[in-house]
1. Just to check your reading of the model, which residue among A42, A75, A109 is modelled with pLDDT of 95 or more, open to solvent by less than 40 Å² (accessible area, probe 1.4 Å) and more than 22 Å from M1 (Cβ to Cβ)?
2. Does any residue in the stretch 29-45 that is at positive phi come within less than 6 Å, Cβ to Cβ, of a residue that is of a type outside the set (F, W, Y) six or more places away or on a different chain, and which pairs are these?
3. Identify all residues within the stretch 65-86 that are touching a residue at least 24 places away in the same chain (Cβ under 8 Å) and out of contact with any strand residue (DSSP E or B) (no Cβ under 6 Å at 6 or more places or on another chain); write none if there are none.
4. Regarding R166, is this residue surrounded by fewer than 18 Cβ atoms within 10 Å (Cβ to Cβ) and either touching a Leu at 6+ places or on another chain (Cβ under 8 Å) or at pLDDT below 95 (or both)?
5. Kindly provide the set of residues from the stretch 80-98 that are out of contact with any Leu (no Cβ under 9 Å at 6 or more places or on another chain), in a loop (DSSP other than H, G, I, E, B) and either of a type in the set (A, V, I, L, M) or surrounded by 12 or more Cβ atoms within 10 Å (Cβ to Cβ) (or both), ordered by number.
6. Please work out if G21 is of a type outside the set (D, E, K, R) and over 24 Å from I112 (Cα atoms).
7. Select from the stretch 47-59 the residues that are in contact (Cβ under 8 Å) with a residue 40 or more places away in the chain, open to solvent by 40 Å² or more (accessible area, probe 1.4 Å) and not aliphatic (A, V, I, L, M) and list them in ascending order.
Amino acid sequence: MGRLVVQETVTADGFAADSDGHFTFTQKVEGRVDEWDRHQFAWLDGIDAMVMGAKTYELFNSYWPTPASSDEIIADKLNALERHVFSRTLRNAPWGSLGECSIESGDAAEAIRRIKHGTAGDVALWGSLTLARAFFAAGEVDELRLLVMPALLGAGRGFVPEGTQRLALRGTQTFDSSLVELVYDVVRAA
């Protein structure tokens with residue numbers, strides 16, 4: 001059975017998107033991110049599937065299964081993952097020429113439990129703030145990986161529901177002299 005790993009990029013003041021839901025702060029990082037890319041490449045070896053909301057699907061689909069991503073070190077691994085799109089409106093979700101993504105239109109908590117149960121490796125969620133919030137609320141997140149960017153927004157959107165979520169720090173690492181990764185196990189309520 002797989003675990004659900006939520007990986008979010010956040011500002012130093014803890015926001016995952018600006019107030020309008022945009023992620024433009026990620027484009028303001030100066031310098032190369034080669035160390036981070038190599039780290040992600042190695043981490044993807046343990047990931048078998050990815051889940052995403054409809055907006056993240058649209059963003060990812062416009063880049064990853066296209067020739068524009070051909071120079072990205074993680075493109076082949078990411079494109080080889082089993083893909084699930086959570087949406088009540090999409091009827092199909094093509095992934096370029098690489099086939100269809102599965103559409104999950106029912107109860108999100110039931111769907112992620114089924115996906116985790118049917119997956120040997122981990123299941124990754126990137127972005128998809130509403131979906132991340134739903135999975136945290138349902139107690140289905142097993143690991144949280146935060147990539148902290150050297151930026152401050154002052155206001156914006158988060159990805160966890162109100163209430164206390166207990167975490168156990170598993171590790172920290174700095175990449176490319178400006179990025180910090182924090183890895184936590186999510187502690188289940190007793």
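The values are calculated or read from the model by the stated rules, or taken from the named source; none is laboratory data. The structure presented is a predicted model; accordingly, all values stated were derived computationally and were not measured. Here the Cβ positions follow ideal geometry from the backbone for every residue, glycine too, while neighbour counts run over all protein chains shown. What goes into the accessible areas is simple: the full protein's heavy atoms, side chains included, and nothing from ligands, DNA or RNA. Shrake-Rupley method; radii C 1.70, N 1.55, O 1.52, S 1.80 Å.
1. A75
2. Matching pairs, first to second residue: none at all.
3. Of everything in the stretch 65-86, those that are touching a residue at least 24 places away in the same chain (Cβ under 8 Å) and out of contact with any strand residue (DSSP E or B) (no Cβ under 6 Å at 6 or more places or on another chain) turn out to be P65, T66, E72, I73, I74, K77, L78.
4. yes
5. S87, L90, A93, W95, G96, L98 - these are the residues of the stretch 80-98 that are out of contact with any Leu (no Cβ under 9 Å at 6 or more places or on another chain), in a loop (DSSP other than H, G, I, E, B) and either of a type in the set (A, V, I, L, M) or surrounded by 12 or more Cβ atoms within 10 Å (Cβ to Cβ) (or both).
6. no
7. D48, K55
Matching residues to (1) open to solvent by 30 Å² or more (accessible area, probe 1.4 Å); (2) of a type in the set (V, I, T); (3) touching a Ser or Thr at 6+ places or on another chain (Cβ under 6 Å); (4) over 19 Å from A12 (Cβ atoms):
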| position | (1), (2), (3), (4) |
| --- | --- |
| G118 | yes, no, no, yes |
| A124 | no, no, no, yes |
| S128 | no, no, yes, yes |
| L131 | no, no, no, yes |
| F136 | no, no, no, yes |
| L144 | no, no, no, no |
| L153 | yes, no, yes, no |
| F159 | no, no, no, no |
